[in-house]
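Just so it is clear, none of the values below were taken in a lab; they were calculated from the coordinates. Quick caveat: nothing in here was measured; it's all calculated off a predicted structure. Positions of Cβ are backbone-derived with ideal geometry, glycine not excepted, and every protein chain shown enters the neighbour counts.
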Amino acid sequence: MSPLYIARSKSVAARMLGGEMMIMSARDSTLFDLNDTASAIWQAADGATPLHEIVKRVLCAEFDVAPEAALQDTEEFVKELSTHGILLVSEEPIPQVTK
Amino acid sequence: MGEVALESTETTIEIGGMPILIRTDNPEFFEVLIHRYGGFVNAAAKPVFEFDVEIVPPGKITDEEELGLSFAGGRWVLERSDFHAEWNAASGTGMIRQAANPYAIDSAMRIVHSLLLARQGGLLLHAASAVRNGRAFLFAGVSGAGKTTMARLAPPNVTLLTDEISYLRKAAKGYTAFGTPFAGELAKPGENISAPLAAVYLLAKGEENTIEPVSETHAVRGVLESVLFFAKDPELVGHVFESACELVRQVPVLRLTFVPDARVWEMVG
């Protein structure tokens, strides 16, 4: 199975507030609050690092979770964010996407 | 007998310290303008924006049932079934085609102001605001949360800035709240004054009067839910988002739960 790559959309505004990442979509002005694990994934979404590496490096190391379950949950999470247009998901690296 | 030239009349309406010149050759509409924006007319102000208003007979002007706002090639276009407005943000000039009533120009003014403010760190909010003892207080909430009730219950030593659309500009320190002519259920324009913003209250009606702190994310969400903004331009959306975050950083944002009677004002100011 091909690795997934994730990148933050340019059509959002985001800021860390009180330990949570708040994101606003420019498409429909929808607001999203990300908890600490989701915020860590969001911040690591550089378009170049495969998702399984992000899960291993960020989630497993910082939040003490099992890699396989974490990867499955994270894939669902990033696909959910991509449907709202705030995160880009691809089977290829995504160039020049960070703000 | 020679032709009678239509005399163009113009006036400058200054809201939030941003003067906008309105020019029309229709005397009836000119009277509408003066009546509608009376306390905000400032003929001596140097306009930052100019609109030529073409008056047409009442009726359907465009096919847009909903208010539509678009931006392309440096030109904003704002349309609804009863009016068409377009302007060039860089040159600060535009035109509005509408009937001789205040509704279309009011919509255009709100949106132009929201766009002008977005680039300056200011905000236009669906909220009531008022001044007491030289400090301004803003009351935000969804429809029915109590904005008009708060305005209606205000004691005599409170000056109402608006019961509908609040106008905030970034100041050297904090934010300044300005009066606006945009009225809600009270059908009464606010006073054309300004004061430093002391607090933002997120309104909720309840069984007792309480003021509670809210988390930063709740505060930003509460502010953004009240922001009047229509553009889908990512840069401008980013400005508005950052402005809301900055407002929360600089001004206390509190949850005000209240019983709808005059005692609530004992807790404000």
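Observations, loosely collected:
- Cα-based radius of gyration of the stretch A:5-88 once divided by 2.2 N^0.38 Å, which approximates compact folds: 1.03
- Size of charge dipole - the protein assembly as shown - debye, nearest 20, with Cβ of Lys, Arg +1 and Asp, Glu -1, no other charges: 1120
- Where labels lie 7 Å past Cα in the beta-carbon direction, separation of B:Glu208 and A:Ala69 in nm: 4.3
- For the stretch B:222-235, Karplus couplings with θ = phi - 60° (6.51, -1.76, 1.60), whole Hz, Gly/Pro x: x, 5, 5, 5, 9, 5, 8, 7, 10, 6, 9, 5, x, 5
- Rounded if a/c under 1.5, otherwise prolate or oblate - the stretch B:81-232, Cα gyration tensor axes: prolate
- Look at where the Cα atoms of the stretch A:33-99 and of the stretch B:84-154 average out, and the two centres are 40 Å apart.
- Positive-end residue of B:Pro102, B:Phe83, B:Val48, charge dipole of the stretch B:9-118 with Cβ unit charges: B:Val48
- If R0 equals 56 Å, the separation of the Cβ atoms of B:Ala90 and B:Glu185 corresponds to a calculated FRET efficiency of about 0.90.
- Ranked by the mean number of other Cβ atoms within 10 Å of their residues, highest first, the peptides B:60-66, B:192-198 come out as B:192-198, B:60-66.
- Looking at the protein assembly as shown, the pairs of alpha carbons with a distance over 41 Å make up 24% of the total.
- Ordering A:Ser90, A:Ser25, B:Ser143 by the number of other Cβ atoms within 10 Å of each residue's own Cβ, fewest first, gives B:Ser143, A:Ser90, A:Ser25.
- Restraint check, B:Lys147/B:Lys170; A:Lys10/B:Lys205; A:Lys10/B:Lys173; A:Lys10/B:Lys46, Cα-Cα greater than 27 Å: A:Lys10/B:Lys205; A:Lys10/B:Lys173; A:Lys10/B:Lys46
- Cα-based shape type of chain B, given that a ≥ b ≥ c are square roots of the gyration tensor eigenvalues and the cut on a/c is 1.5: prolate
- Test item: Cα-centred dipole of the stretch B:139-192, Lys/Arg +1 and Asp/Glu -1 on Cβ, debye: 240
- Here the label points at A:Asp36 and B:Lys232, each 7 Å from Cα along the C-beta direction, are separated by 3.7 nm in the simple model.
- Taken about its Cα centre, the stretch B:63-133 carries a charge dipole of about 480 debye when Lys and Arg each add +1 at the Cβ and Asp and Glu each add -1 at the Cβ.
- Going from the residue with the fewest nearby Cβ atoms within 10 Å to the one with the most, B:Leu202, B:Leu236 rank B:Leu236, B:Leu202.
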